[in-house]
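S.K.: Before I ask anything, let me first share the structure, which is written out below as structure tokens.
What follows is calculated from the coordinates using simple rules that are stated; it is not laboratory data. This structure is a prediction, so every number in the text was calculated from the model and none was measured. Counting neighbours? That spans all protein chains shown, and the Cβs are built from the backbone with ideal geometry, glycine included.
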Amino acid sequence: MELKQDKIVLSKRIEALLSGQRPDRVPLFHFTFGFAARNVGYSIASMYNDPEKSFMAQLWTFEQYGFDSTPDFGYASYGEWEFGGKVRFPTNEWEQAPSHKSFAVQSEEDFKKIRLPDVKKAGMLPMAMEFSKLQDKFGMPITITLGGNFTIAGNICSPDKLSRWMIKKPKLVHKLLQLATNHILEVIQYWVDTFGAERVRPRIWEPLATNSIISPKQFEKFVFPYLRETSEKILVMGIKHILYHICGDHNLNLPYWARVPMGNPGIVSFGQQVALTTAIKYFGNKCIIAGNIEPAIIQNGTPQQVYELCKQCIEKAKYAPRGYMLMPGCEIPPMAPPYNVYMMKKAVDDFGWYD
Amino acid sequence: MASRKKTQELLKGLYNAVVFYDEKAAAELSKVALEESIDAYTAITDGLAAGMKKVGELYAAQEYFVPELLLCSDALYAGLGVLRPHIKVKQAKVKAQIVIGVVEGDIHDIGKNLVKVMFDAAGWIVHDLGKDVKLEKFVEEQQRTNSEIVGLSTLMTTSMLAIPKVIKMIRSQSTNVGIMVGGAPLTRDIAKRYGADGYAENAGTAVQEGVRLVEMLKKRKAQK
């Protein structure tokens with residue numbers, strides 16, 4: 001009897017997809033911060049303010065749960081601290097990630113005073129660099145995780161203000177978005193200068209531009225031009241692949257997202273709000289598709305429900321033209337039942353192999 | 001006393017000020033309404049609140065999104081600030097009271113704020129506890145105000161786990177209360193499993209769900 005090898009080979013399957021080859025099996029991609037912390041007995045905060053603990057907790061957890069991806073470092077409220085606001089790291093049992101404490105820009109006057117931060121010193125970036133040096137030491141792809149332009153702008157001035165200003169002060173919003181765009185590009189240039197473009201894989205999360213907040217017309221006017229500019233300039237730096245986590249309900253924005261270059265191939269991950277068949281329709285020919293196991297089901301469902309959901313995702317997307325990775329639709333809930341998390345690995349092992 | 005035509009014009013103006021998010025017009029027309037001796041309660045219900053109802057419909061139809069809703073609510077509150085002190089006490093039929101807040105560990109409050117606006121516009125008394133609210137605070141506020149409804153909001157999958165806990169805490173102190181929940185990770189099914197009486201997918205459906213729970217409480221009381 002010939003058995004297929006069941007060996008942890010972090011990133012190999014993903015590298016195969018990125019080089020245009022079909023791997024032996026659908027890769028399992030993480031979105032695992034607080035869960036990894038709890039898994040190894042660290043505080044959730046350490047995932048965001050202690051690069052070494054964050055790296056090791058993820059590495060050990062990925063090995064245990066059979067994830068094919070490699071650790072990364074970041075959070076959705078990125079931009080606030082870097083531009084002069086304050087974040088609060090999670091301390092109590094109900095907190096999941098760093099959250100807003102104060103925003104750098106609370107008025108138009110504040111905006112006039114704001115400057116592009118020094119990417120070597122600002123906010124969490126020194127920790128992110130320390131984390132990337134660990135990735136380098138372990139021979140892994142170098143990732144830098146940032147918020148998207150719109151999310152960073154919202155983290156500079158607060159999502160409420162950004163929303164109001166889109167209608168009342170659109171010129172100011174465009175200035176904020178250009179500032180966010182320039183910042184993203186400066187950060188990525190710093191990573192490229194440090195590690196070389198070939199190894200750097202930016203990961204950009206865009207939760208704020210969801211249709212739960214803004215309209216597709218607002219997306220077209222305020223988000224799309226800056227996303228496109230950012231992506232085009234990142235690719236000009238020599239970077240080959242950008243991962244966009246298109247977080248939440250972006251269904252009405254997808255025609256615009258599909259015009260954002262993401263590399264060859266790019267990687268797009270989705271929440272449960274975007275059907276995988278829809279994702280393949282828009283992105284399948286140029287991007288690896290990843291997603292979209294509903295985190296609330298990982299948290300609240302039975303193991304059988306998680307397993308069945310994973311099976312359905314694999315069956316829908318396994319043969320996407322540029323490949324598919326099974327991934328949670330957003331962060332795995334830190335308190336998720338461990339056996340539910342394991343169900344993702346069981347599902348790729350049972351249904352993810354290619355003949 | 002304003003003529004019927006003038007009254008209708010002003011009510012329409014208040015309605016439009018909310019629908020087209022003109023905060024200044026909402027405040028100014030509210031003052032004019034008072035100067036013209038238009039009843040404050042009528043100006044609110046048939047002007048501002050009717051406008052907010054339309055805004056809810058536009059939101060449900062995906063013609064309006066959060067930026068528009070926030071500005072509409074600014075216009076609503078600009079008008080309410082002028083008119084509310086002039087409501088005659090016996091007219092102020094309070095539909096019900098709701099204690100509302102984002103549970104501990106979560107600072108995402110846009111959704112909760114929009115729900116608050118809808119209840120305000122519908123004539124409820126809203127006790128807004130804000131965001132990252134300690135669980136015991138929900139219990140205390142419900143007890144203090146004797147509110148019929150408690151509305152719990154969350155966006156994160158961690159703070160979501162506080163919901164069943166706070167529901168138990170509230171129920172241990174009060175049996176005649178309806179609890180409704182909302183927020184991105186929640187569904188009607190999860191809400192039920194957590195012990196909630198109601199669930200609202202978005203701000204547009206929240207008041208309707210609140211009214212349903214109030215009716216449920218009345219029936220329950222009548223059966224006792």
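S.K.: Which links in A:120/B:131; B:54/B:112; A:86/B:131; A:101/B:168 stretch past 27 Å when you go from one Cα to the other? Intermediate results must be reported in sequence, preceding the final value.
M.R.: Details: A:120/B:131 34 Å; B:54/B:112 19 Å; A:86/B:131 17 Å; A:101/B:168 30 Å.
The pairs that break the limit, which is 27 Å between Cα atoms, are A:120/B:131; A:101/B:168.
S.K.: Roughly how crowded by other chains is peptide B:186-195, in terms of the mean Cβ count from those chains within 10 Å of each of its Cβ atoms?
M.R.: Values: counts 2, 4, 0, 3, 5, 0, 0, 1, 1, 0.
Per-residue shielding by partner chains comes out at 2.
S.K.: Work out the charge dipole of region A:71-121 with +1 on the Cβ of Lys and Arg and -1 on the Cβ of Asp and Glu about the Cα centre, then indicate which of A:73, A:99, A:119 is farthest towards its positive end.
M.R.: Working it through, the farthest residue towards the positive pole turns out to be A:119.
S.K.: Among rounded, prolate and oblate, which fits region B:4-91 when a ≥ b ≥ c are the square roots of the eigenvalues of its C-alpha gyration tensor, a/c under 1.5 means rounded, and a/b larger than b/c means prolate?
M.R.: Working: a/c = 1.95, a/b = 1.86, b/c = 1.05.
Prolate is the answer for region B:4-91, as a/c is 1.5 or above and a/b outweighs b/c.
S.K.: Using the alpha-carbon atoms, what tilt in degrees (0 to 90, nearest 10) does helix A:303-317 show relative to the longest principal axis of chain A?
M.R.: Orientation of helix A:303-317: about 80 degrees from the principal axis.
S.K.: Where a Cα-Cα gap under 25 Å defines reach, which lysines qualify for residue A:281, not counting those fewer than 8 residues away within the same chain?
M.R.: The qualifying lysines are A:217, A:221, A:240, A:311, A:316, A:318.
S.K.: Could you compute the FRET efficiency for residue B:12 and residue A:127, with r as their C-beta to C-beta distance and R0 at 60 Å, rounded to 0.05?
M.R.: 0.60
S.K.: So, with +1 on the Cβ of K and R and -1 on the Cβ of D and E, and no other charges, what is the size of the charge dipole of region A:297-355 about its Cα centre, to the nearest 20 debye?
M.R.: Taking the Cα centre of region A:297-355 as origin, the dipole is about 100 debye.
S.K.: Using a Debye calculation, one point per C-alpha and no hydration shell, please list log10 I(q)/I(0) for region A:26-351 at q = 0.06, 0.13 Å⁻¹ in order.
M.R.: -0.19, -0.95
S.K.: Which of the listed residues, B:129, B:98, B:143, is farthest toward the dipole's positive end in region B:97-223, when Lys, Arg count +1 and Asp, Glu count -1 at the beta-carbon?
M.R.: Ranked along the dipole, the leading option is B:143.
S.K.: Then there is this: Grab the other residues whose beta carbon is less than 13 angstrom from that of residue A:317, score K and R as +1, D and E as -1, and report the net. Let's see the in-between values first.
M.R.: Values: positive: A:281, A:311, A:316, A:318, A:322; negative: A:315.
Neighbourhood net charge equals +4.
S.K.: I need the helices of chain B that pass two filters: whole DSSP H segments spanning 27 Å or more by Cα along the axis, and mean Kyte-Doolittle score no lower than 1.0. Before the final figure, lay out each step's value.
M.R.: On the way: long enough: B:203-223 (31 Å, -0.41).
Qualifying helices: none.
S.K.: About its Cα centre, how strong a charge dipole does region A:43-139 have in debye, to the nearest 20, once Lys and Arg get +1 and Asp and Glu get -1 at the Cβ? Numbers along the way, then the final one.
M.R.: Details: 11 positive and 15 negative charges, 79 e Å.
Taking the Cα centre of region A:43-139 as origin, the dipole is about 380 debye.
S.K.: Given R₀ = 30 Å, what would the calculated FRET efficiency be for residue B:125 paired with residue B:222, taking r from the Cβ atoms and rounding to 0.05? Numbers along the way, then the final one.
M.R.: Numbers: r = 23 Å, r/R0 = 0.76.
It comes out at approximately 0.85.
S.K.: Summing +1 for each Lys or Arg and -1 for each Asp or Glu, what net charge is found among the other residues whose Cβ lies under 11 Å from the Cβ of residue B:184? Don't jump to the answer; show the numbers that get you there.
M.R.: Details: positive: none; negative: A:249, A:294, B:106, B:201.
With Lys, Arg at +1 and Asp, Glu at -1, the neighbours total -4.
S.K.: Follow-up. Is there a simple number for the mean count of other chain Cβ atoms within 10 Å of the Cβ of residues in A:91-99, and what is it?
M.R.: Values: counts 1, 7, 7, 15, 8, 8, 2, 0, 7.
The shielding value for this peptide is 6.
S.K.: Modelled label-to-label distance, residue A:112 and residue B:34, 7 Å Cα→beta-carbon offset: nm?
M.R.: Those two pseudo-labels are separated by 3.4 nm.
S.K.: First check a/c for the protein assembly as shown, with a ≥ b ≥ c the square roots of the eigenvalues of its C-alpha gyration tensor; if it is under 1.5, answer rounded, and if not, answer prolate when a/b is larger than b/c or oblate otherwise.
M.R.: Details: a/c = 2.13, a/b = 1.58, b/c = 1.34.
Note, shape of the protein assembly as shown comes out prolate.
S.K.: At 7 Å along the Cα-to-beta-carbon direction for both residue A:258 and residue A:160, put a label point, then send me their distance in nm to one decimal.
M.R.: A separation of 3.7 nm, rounded to one decimal place.
S.K.: Now, a different point. Of A:343, A:27, A:60, which is farthest on the positive side of the dipole of region A:26-351, counting Cα position, with +1 on Lys and Arg Cβ, -1 on Asp and Glu Cβ, and the Cα centre as origin?
M.R.: In region A:26-351, that residue is A:27.
S.K.: Would you work out the charge dipole size for region B:97-223 about its Cα centre, treating the Cβ of every Lys and Arg as +1 and the Cβ of every Asp and Glu as -1, and quote it to the nearest 20 debye?
M.R.: Values: 17 positive and 15 negative charges, 102 e Å.
Roughly 500 debye for region B:97-223.
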